[in-house]
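The values are calculated or read from the model by the stated rules, or taken from the named source; none is laboratory data. Just so we're clear, the structure is a prediction, and the values are computed from it rather than from any experiment. Here the Cβ is made from the backbone with ideal geometry for all residues, glycine too, and neighbour counts use every protein chain on show. Note: areas computed on protein heavy atoms with side chains; ligands, DNA, RNA excluded. Shrake-Rupley method; radii C 1.70, N 1.55, O 1.52, S 1.80 Å.
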Amino acid sequence: MSMNAAPEIAFSSEQGKANYEAARRQYPAQAIVDLKAMRDNMRHLVATVGGPQSGTAVMGVVKADAYGHGLLPSALAALAGGATWLGTAQSHEALLLRQLGIGPDRCHILTWVYNGTAVPFDELIDNDIDVSVGSLAGIDAIAAAARKLGKAARVHVKVDSGFGRNGFTPEGFDAALAKLVQLAQEGVIEVIGQWSHLAVADSPDVPEFVESTERQIANFNAFTDRMKQAGIAPSIRHLANTAATLDRPEIHFELTRPGIGLYGYEPDPAMGTPNTYKLKPAMRLQAQLGTVKDVEAGHGISYGRTYLTPQNTSTAIVPLGYADGIHRSASGFDMEGAKHVDKPGGPVRVMTKQGPHIYHVSGRVCMDQFILDLHGSAAELGIAEGDTVELFGPGRGEEYGEPTADDWARAADTISYEIFTCLRNRIPRLYEHAPEVLAPEDLAKLDPKSIL
Ligand SMILES: *Cc1c(COP(=O)(O)O)cnc(C)c1O
């Protein structure tokens, strides 16, 4: 029996267990996603805005394959938790949600990234998908598609309140308003929303960030006034991401758009931990060890010899590399290695005879694998090929021996968002608690092999 550093899996059936075994034969690593955690995170976010009757709806942001958690299962879990909107950046994913059976009777869908010259606006409008518009070319393209189809486009006007990305600037807004008013009068478009995006998560210790958010809010409200004066008052205003959903009730407006909170993380470790906000990380990334062997002191580990074993020791291979989305920047260096920098690599939880222990990536992350210096004899530690190790999971953080994606983000000098979205699809995504969270007709929409 090999040892397991990951929590026990809550199998829903014998078939679930068989699916797990099959996934392990298919690939030596698995991303296990807890749909109950995701549903409960959404429930918590809905409660945070005041509940279903509050006048504020919540959108589950499921762009980029639901931050790597799997588009459809995540969308369904968000809906089970009380989301009444779904949002994607790319229109392809919005269409996919409708094609996979999430109809307009279930929820609104908004999509927002495209250039105005080559977009399937006709398909989007036909599938009752709300579209964002933030450029004059975009308005023209939406109008052309709506006219061709003979159906009004539901439009959310994107304003640049200070992010400096999408949306109309205050200077360009009169020209946009003129077009929008005309098209709304003709019945070609229906102006549903006005929206914008915040540039920084409020960090209590960074007053400039708080101030810049306040400036963005003032700008946002000024845009609303101009829309009202033009006669196209938006009925749904939305500005809040996860950070503002959690800590800025005054800008919940009619809709908030949390993404990372749905997956169980706070947006910025400076704000606290998932626990601070009663969120539970939904994904656990685990792998089964490859070769475990003894090596001598001074042995170079991996490309570039950036890590030399300080003593006689054992090493273990973790069969995940940068081709899986494990950041090469999460490599580990030591003071003796070629680079002469002391930097621990990403953390991995390994079960030993004495209990779980955190090791760090030693040397460079390779394409399909990385190496751990076990700092001792594997035989004495009871670590063997085939053992299941955990890179991150629903824990409290590395300091508690429970690494999270935030710890990997620190090791790789990035953010948890990028840790998740980089995980390639060759790693099987498997879903815990699916039958408990999803109605039978939703469960039937999932890939049956993915249900644990
Ligand atoms: C990604 C995204 C969100 C969600 O942001 P989180 O920080 O993950 O909550 C909201 N709105 C827009 C426009 C986005 O692109």
Just for the stretch 1-47: of the residues that are outside the structural domain of Leu246 (by TED's automatic domain parsing) and over 21 Å from Glu390 (Cα atoms), which one is most open to solvent (accessible area, probe 1.4 Å)?
Glu14
If we only count strands (runs of 3 or more DSSP E) wholly inside the stretch 358-441, which ones have 2 or more residues that are among the aliphatic types (A, V, I, L, M)?
370-373, 388-392
Being part of a loop (DSSP other than H, G, I, E, B) and out of contact with any Leu (no Cβ under 7 Å at 6 or more places or on another chain) is the filter; apply it to the stretch 174-199 and report the residue that is farthest from Gln90 (Cα to Cα).
Gly187
Any residue in the stretch 228-239 that is within 16 Å of the ligand (Cβ to nearest atom), more than 19 Å from Leu110 (Cα to Cα) and either open to solvent by 60 Å² or more (accessible area, probe 1.4 Å) or not assigned by TED's automatic domain parsing to the domain that holds Thr88 (or both)?
no
Return the residue satisfying two criteria in turn: it lies in the stretch 194-213 and is at pLDDT 90 or above and hydroxyl-bearing (Ser, Thr, Tyr), and of such residues it is nearest to the ligand (Cβ to nearest atom).
Ser196
Tell me, yes or no, whether the stretch 174-193 has at least one residue that is within 15 Å of Gln216 (Cα to Cα), in contact (Cβ under 8 Å) with a residue 12 or more places away in the chain and within 13 Å of the ligand (Cβ to nearest atom).
no
Test Gln216 against the stated conditions and say whether it is in contact with a Leu (Cβ under 7 Å, 6 or more places away or on another chain), within 15 Å of the ligand (Cβ to nearest atom) and open to solvent by less than 30 Å² (accessible area, probe 1.4 Å).
yes
Within the stretch 75-173, considering only strands (runs of 3 or more DSSP E) that don't extend past its boundaries, which have at least 3 residues that are modelled with pLDDT under 95, open to solvent by 30 Å² or more (accessible area, probe 1.4 Å) and among the acidic types (Asp, Glu)?
none
